[in-house]
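Read-outs throughout are calculated quantities, based only on the coordinates presented, and are distinct from any laboratory measurement. The model shown is predicted, which means the values in this text are computed figures rather than measured ones. All Cβ positions, even for glycine, are placed from backbone atoms using ideal geometry, and neighbour counts span all protein chains on display.
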Amino acid sequence: MTNWEKTIRMKKLRNSKPIEITGEEITPSEDLKQYKKNALEYGKTLRGKYTNKDTSKSILLGRGKKHGGLNEVLHHDYKDIEHLQSVAAIPQIIEDSIFIDSIANEDKTKNPDIEGYDYYVVGLKINGEDYTVKAVIANGTNVEQYYDHKLTQIEKGKLLDLSAGITSPPTNKDAPLSDYKDKRLISILQTNFSKIIDENGEL
């Protein structure tokens, strides 16, 4: 992968429009277990293949067993209401996210028929609040399958600036990169940025 290709990807991500959902697509519940069930039932209606506009790849969203899918998405972070709400955006996440990087499958004993994982990133607004989504696609022998996603509560442009070491006057909402939980997201953005920022700190 050349530095020019990485530059294009980062520019695409920065210029891409965020997905917007209301957060009310999935029926809410004060009982988190019920909310999770509601998210799963809603997600079942979304199952199928969707085409990513950036790569033209057809990606399967399934309920999931060993290769991720809805069950994997809802296996973690289900105590975060926004994570449950984000299930409604999965088709748009597949279609509108920007491909950033690929990583080989390092645990062949767990998923022997998965060659590697592709990482896509997109902005997401839930009821006006900004998030950055990292989506993971499993590359199987015969299928590209939606594996999982994770939300980070920061607007994608601000996250790109932080990853590139570009600073601006801090606000009360600013947090250092070390405070964000999705270390893989930070890693793939920093890895790409570290090689494409010029001496003026510009793409």
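Say the cut-off is 19 Å between C-alpha atoms; which of LYS53/LYS181; LYS37/LYS79; LYS44/LYS108; LYS156/LYS183 go over it?
Numbers: LYS53/LYS181 28 Å; LYS37/LYS79 12 Å; LYS44/LYS108 28 Å; LYS156/LYS183 15 Å.
Long pairs (Cα-Cα over 19 Å): LYS53/LYS181; LYS44/LYS108.
How would you classify segment 3-193 from its alpha-carbon gyration tensor, with a ≥ b ≥ c the square roots of the eigenvalues: rounded for a/c under 1.5, else prolate if a/b is greater than b/c, otherwise oblate? Oblate.
Neighbours of ASN139, meaning other residues whose beta-carbon lies under 12 angstrom from its beta-carbon, give a summed charge of -3 when Lys and Arg score +1 and Asp and Glu score -1. The length gained on full extension between ILE103 and HIS76, counted as 0.36 nm times the residue separation minus their Cα-Cα distance, comes to 7.6 nm. For segment 15-76, just say rounded, prolate or oblate: build the C-alpha gyration tensor, square-root its eigenvalues into a ≥ b ≥ c, call rounded for a/c under 1.5, and beyond that prolate if a/b exceeds b/c, oblate if not. Oblate, since a/c reaches 1.5 and b/c is not below a/b. The peptide list 108-114, 85-91, 139-145, put in order of mean Cβ contacts within 10 Å with the highest first, becomes 85-91, 139-145, 108-114.
Take the Cβ-Cβ distance between LYS11 and ASN111 as r, set R0 to 41 Å, and report the resulting FRET efficiency rounded to the nearest 0.05. Before the final figure, lay out the partial values.
Numbers: r = 33 Å, r/R0 = 0.80.
Efficiency for this residue pair is about 0.80.
Considering the zone a paramagnetic label at ASN142 would reach in this model (a point 7 Å from Cα along the Cα-to-Cβ line), which residues of segment 34-61 have amide N under 15 Å from it? Only 60 fall inside the zone, counting backbone N under 15 Å.
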